[in-house]
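Report on one structure; see the data block that follows.
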Amino acid sequence: MQLLRIDWNVLFTIINLLILYFGLRKFLIKPVTNVMEQRRQMIEGQMADAKKTTEQANELKSQYEDALKQAHDESAHIVEKARKTAQAEYESRVNAADQEAEKIIANAHKTIDLEREKTVQDLQTQIAGLAMMAAGKVLGKADAAEQNKLMYEQYVIKYMLGWRLCRKRQKKYLS
């Protein structure tokens, strides 16, 4: 029966172990567990803060990307507007130059027509003068009164032709 015999040493050892267990539990395990719990809470708080900061960073990033896209769209719009304005200015200047060229050409045609009329008139005058000289030589004996009358008639004809040409020119310039 020696196997079942309980010795006071065993009983003291068990009591010592229980005291040690309760003492360690109260003075070591409980504070360490509290420290570990506080650390876990701190880590969770830091993780939540990091998550919140990441969300804010992502939000700022999306705002930045939106602003960048808007700036890009606006710059494209400004460039397109400038291109259209430049094209309109180009077309306006080309049209103005075309109109000015048409005016210059029209004025040149008018000048040519006036020069032609003047040349025709001068030629008619010269022809009339040559005809008078020829008539004077043929009629060599005609008296001065007849020659004066002939010269007067030529002057009247010349004046009437000149007056009609002037009226035509005025009508062309007025129209």
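Worth a mention:
- Number of positions in the stretch 85-143 that are surrounded by 12 or more Cβ atoms within 10 Å (Cβ to Cβ) and modelled with pLDDT under 75: 8
- Yes/no for L20 being out of contact with any Lys or Arg (no Cβ under 6 Å at 6 or more places or on another chain), modelled with pLDDT of 90 or more and among the hydrophobic types (A, V, I, L, M, F, W, C): yes
The values are calculated or read from the model by the stated rules, or taken from the named source; none is laboratory data. Computed from a prediction, not measured in an experiment: that's the story for all the values here. Note that each Cβ is placed from the backbone with ideal geometry, even for glycine, and that neighbours are counted across all protein chains shown.
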